[in-house]
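All remarks here apply to the structure that follows.
The values are calculated or read from the model by the stated rules, or taken from the named source; none is laboratory data. Model, not experiment: these values are computed from the prediction. When we count neighbours, we look across all protein chains shown, and the Cβ atoms used for this are built from the backbone with ideal geometry, even at glycine.
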Amino acid sequence: MFLLTIITKIFHSLPEEIAHNLALSGLKFVYSTGLLKILLGKEIKKNQWQNKSSDKWIYKNKLGIAAGLDKDGEYIDCLAALGVGFIEVGTVTPLEQPGNPKPRLFRNRADKSLLNRLGFNNKGVEALVKNLKKRKSTIPIGVSIGKNFDTPNEEAYRDYLFCLEKVYEYSSYIAINISSPNTKDLRELSNNKFLGNLLRIIKDKQNELSESFEYVPIFIKVSPDEELEALEEICKSILDHKIDGIIACNTTIIHNNKNGYGGLSGSPLRYKSNEKLSFIKKIVGDKTSIIASGGVMSSSDYIEKIDAGADLVQIYTGFIFEGPKLIQDILIADSS
Ligand SMILES: Cc1cc2nc3c(=O)[nH]c(=O)nc-3n(C[C@H](O)[C@H](O)[C@H](O)COP(=O)(O)O)c2cc1C
């Protein structure tokens, strides 16, 4: 584990997107050679999972990897080997797209944050499905779906339905991403004008698909930048449409980062995302499940989310800064 932590720090001397891709390819390599087990150094906690009850979705190992780290599902087996209980892959769109121009990912060591404006760079939903079929790991895989950058919001439901149908049979849950700040106007899909209709169409499709396949829960990922009044409306709509869960939250656009526009994640997001998590919990109670995301940089940050009512917790930026040790620290803290 010590060596893995050193390697993580070395990657921090490289440009962000290069470091990201190299780190994941390196992880895949050491996993395929069997070296990863040796580097991890000790037996990792077993990945067990279960449905707690028919209307509440929970895994025994509540720690997951958030969307965006493995956009195309290329690293499922090696990430699973690190001990997480579930992985959310994506966000994928119907068609492959390159995302925004580079540079578009920035690391700030001082406040342990990332700024990204990737813009759903991904190889398209068909490529993801191929990888889902190939995976060996049996841990739950959530799939985050979105719309292509040039699909107008009025037509966005078609992109979500297209992806939903493609991934349904291979997913443990499906996350509807309407909160990324890096696709123009995407967040407007959370407004009254679009949300009710979108949720109704998605729910109908879920009901239809669950007649042919197992029931796959659907989660809506929300923005941390919503005003409380708007967030309450979103929660009520999610409950009205019997959506299975909420992911709170995505990255924030409220910052003064020197690198310009984009979504900020990591330490500076922790307080805001916890505030929104507690508010959501107050509104939805136990009626729907909550996956918490935002600013988990240590085991105590993880416990804070569980105490605030999260059923499951995801990490992204913390994993980039701390490496696999963060996973081990959290799993140890959670089992003690
Ligand atoms: C580089 C990067 C890419 C991301 N891509 C996605 C994405 O494609 N879909 C999504 O729902 N969230 C995406 N996110 C948001 C994360 O899933 C997570 O919700 C957010 O970063 C807050 O968690 P953290 O503070 O632990 O990083 C991305 C975040 C980062 C840093």
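General observations
- Among all residues of region 288-295, there is at least one that is within 10 Å of the ligand (Cβ to nearest atom) and outside any strand (DSSP E or B).
- In region 296-312, residue surrounded by the most Cβ atoms within 10 Å (Cβ to Cβ) [restricted to those that are within 10 Å of the ligand (Cβ to nearest atom) and part of a loop (DSSP other than H, G, I, E, B)]: Val296
- Residue within region 313-326 that is buried (at least 18 other Cβ atoms within 10 Å of the Cβ) and away from the ligand (no atom under 13 Å from the Cβ) present: yes
- Hits in region 85-104 - residues which are aliphatic (A, V, I, L, M) and away from the ligand (no atom under 13 Å from the Cβ): Leu95
- Entry remark, region 71-90: residues being under 14 Å from Ala175 (Cα atoms) and charged (D, E, K, R) number 2 in total.
- Among the criteria (1) among the acidic types (Asp, Glu); (2) in contact (Cβ under 8 Å) with a residue 12 or more places away in the chain; (3) away from the ligand (no atom under 14 Å from the Cβ), the one Glu211 does not fulfil is (2).
- Residue within region 229-250 that is over 28 Å from Val296 (Cα atoms) and buried (at least 17 other Cβ atoms within 10 Å of the Cβ) present: yes
- Residue within region 266-280 that is away from the ligand (no atom under 12 Å from the Cβ) and either hydrophobic (A, V, I, L, M, F, W, C) or in contact with a helix residue (DSSP H, G or I) (Cβ under 6 Å, 6 or more places away or on another chain) (or both) present: yes
- Checked against the criterion of being more than 17 Å from Ala67 (Cβ to Cβ) and either in contact with a strand residue (DSSP E or B) (Cβ under 8 Å, 6 or more places away or on another chain) or surrounded by 18 or more Cβ atoms within 10 Å (Cβ to Cβ) (or both), the candidates Leu199, Leu164 yield just one match: Leu199.
- Close pairs (6 angstrom Cβ cut-off, 6 or more residues apart or separate chains): within 27 Å of Pro181 (Cβ to Cβ) and modelled with pLDDT of 95 or more in region 76-93, within 11 Å of the ligand (Cβ to nearest atom) and of a type in the set (Ser, Thr, Tyr) anywhere: Glu88/Ser144; Gly90/Ser144; Thr91/Ser144
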